[in-house]
Amino acid sequence: MSVPLLALVEVLDREGRVLRGVPVAAWPVTIGRAIDNDIVLDDPHVAAHHARLEPAAPATPTTPTATAATIELQVLPGLNGAQVGRRRLPAGACLTLPAGEQGFVLGATKLRLRLAGEALAPERPLARAAPRAVTLLLAALLWGWMLAGFAIQIDPGSRFTDWLVPVVVVPFALAGWCVLWALASKLFQHRFEFWAHLAVAARGLLVMELVAFALPWAAALTSIALLSRVASGAVAACAVALLLAHARLVAPLYRRALRIVGWSGFGVGVAVLLALNQQHQDRWFSELYVSTLPPPALLWVKPVTREAFVRDAAALRAPLDAAVRDAERDAQAGRDDEGD
């Protein structure tokens, strides 16, 4: 006759993966380095007999098995105690573990207690990589877009060697970038996810190129200068999203922390840049005008009349005169300081 399983104590690695599980058929359960423990840990920071798990109240005919709210962690005499969540427990302390799958730390070893019959978290959907043909197609589109942009910008009659960067360096740099991220995935997830990282990079870089192209053109077509001024910030936001997508493949258990760190850093960077622009240039954005000028026939807005343009331009005279006077005053103060 098989003995019913009461619980399972799992030994975890630093990423939260289960290294081994020890079934519990009877209470109490002792944990330590000595071989007479129920769970033996190979950790020099764990005492010979470090901790004990047992029900806070004995089982009864109506409650034959312990529940998550009735298991106590007792810390036995030793140096390093235990940790449950953010709470440190010294030697001799006793704590009833909260409900749910509970993690606790003894020495430098993470453990988790799972009780029979407790509710499990919902099944997570499996992240499926895009087909390799789709990934290669996106990478080819990105490469072709960059080649087209380079062909437009390069001078006529240029040398063949001028094409080495977009033709050779760009694909090799993209492959090297993905190899580095795949090595990070191999280190933390034990999987060499080159194709997954290539799919992320191809999509992210293509979106960045499209955003950098579309926003200035939309600003020029609609005469909404703000679209052009925020183009660099939008591209930077796409870059942050790209880095977070790579990082989530490397450390999927820390998605929330990665989002907080990534977008907080982006927000701080934007705030600092705007403050510097305001301090040095007396405006929030470094760009004064729309950066793209399409053919007039493509404009979506009605052109401004000559009279309206002259009237609006005349209104600029007062602030420009004030700026000139301030500049002359600062220059004079600088000359006076040099004379002293």
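The values are calculated or read from the model by the stated rules, or taken from the named source; none is laboratory data. Keep in mind that what you see is a predicted model, and the values were worked out from it rather than measured. In this analysis, Cβ positions are derived from the backbone assuming ideal geometry, glycine residues included, and neighbour counts consider all displayed protein chains.
Of note:
- Residues within region 113-155 that are surrounded by 15 or more Cβ atoms within 10 Å (Cβ to Cβ) and among the β-branched types (Val, Ile, Thr), tallied: 1
- Considering region 211-224, and only residues there that are touching a residue at least 40 places away in the same chain (Cβ under 8 Å) and part of a helix (DSSP H, G or I), the residue that is farthest from Ala173 (Cα to Cα) turns out to be Thr222.
- Matching strands (runs of 3 or more DSSP E) fully within region 1-54 where at least 3 residues are more than 30 Å from Arg255 (Cβ to Cβ) and either under 38 Å from the mean Cα position of the chain (by Cα) or of a type outside the set (Gly, Ala, Ser) (or both): 29-32
- One residue stands out among those in region 72-81 that are touching a Lys or Arg at 6+ places or on another chain (Cβ under 9 Å) and not in a strand (DSSP E or B): the one that is farthest from Phe194 (Cα to Cα), which is Leu76.
Per-residue answers, yes or no, for (1) closer than 22 Å to Arg203 by Cα; (2) assigned to a helix (DSSP H, G or I); (3) small (Gly, Ala, Ser); (4) in contact (Cβ under 8 Å) with a residue 24 or more places away in the chain:
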site	(1), (2), (3), (4)
His246	yes, yes, no, yes
Leu253	no, yes, no, yes
Ala257	no, yes, yes, no
Ser264	no, yes, yes, no
Leu276	no, yes, no, no
Gln279	no, yes, no, no
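To keep it simple, each residue is scored yes or no on (1) under 22 Å from Phe150 (Cβ atoms); (2) of a type outside the set (Asp, Glu); (3) out of contact with any Ser or Thr (no Cβ under 6 Å at 6 or more places or on another chain).
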{"site": "Leu226", "(1), (2), (3)": "no, yes, yes"}
{"site": "Ala237", "(1), (2), (3)": "no, yes, yes"}
{"site": "Tyr254", "(1), (2), (3)": "no, yes, yes"}
{"site": "Leu258", "(1), (2), (3)": "no, yes, yes"}
{"site": "Ser264", "(1), (2), (3)": "no, yes, yes"}
{"site": "Asn277", "(1), (2), (3)": "no, yes, no"}
{"site": "Arg283", "(1), (2), (3)": "no, yes, yes"}
{"site": "Pro294", "(1), (2), (3)": "yes, yes, yes"}
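The rows are residues; the columns are (1) touching a helix residue (DSSP H, G or I) at 6+ places or on another chain (Cβ under 8 Å); (2) assigned by TED's automatic domain parsing to the domain that holds Val250; (3) under 23 Å from Arg248 (Cα atoms).
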| residue | (1), (2), (3) |
| --- | --- |
| Gly144 | no, yes, no |
| Trp163 | yes, yes, no |
| Trp181 | yes, yes, yes |
| Gln189 | yes, yes, yes |
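- The residues listed here are Val240, Val304; of these, the one that is out of contact with any Cys (no Cβ under 7 Å at 6 or more places or on another chain), on the phi < 0 side of the Ramachandran plot and in the same structural domain as Glu209 (by TED's automatic domain parsing) is Val240.
- Residues in region 289-309 that are assigned to a helix (DSSP H, G or I), free of Cβ contacts under 8 Å to residues at least 40 places away in the same chain and exposed (fewer than 10 other Cβ atoms within 10 Å of the Cβ): Pro296, Ala297, Arg306, Glu307.
- Qualifying positions in region 312-327 - more than 16 Å from Asp282 (Cβ to Cβ) and charged (D, E, K, R): Asp312, Arg317
- Hits in region 82-112 (condition: outside any strand (DSSP E or B) and either of a type in the set (Val, Ile, Thr) or crowded, with 18+ Cβ neighbours inside 10 Å (or both)): Leu97, Gly107
- Any hit, region 182-189, residues being under 16 Å from Arg132 (Cα atoms) and touching a residue at least 12 places away in the same chain (Cβ under 8 Å): yes
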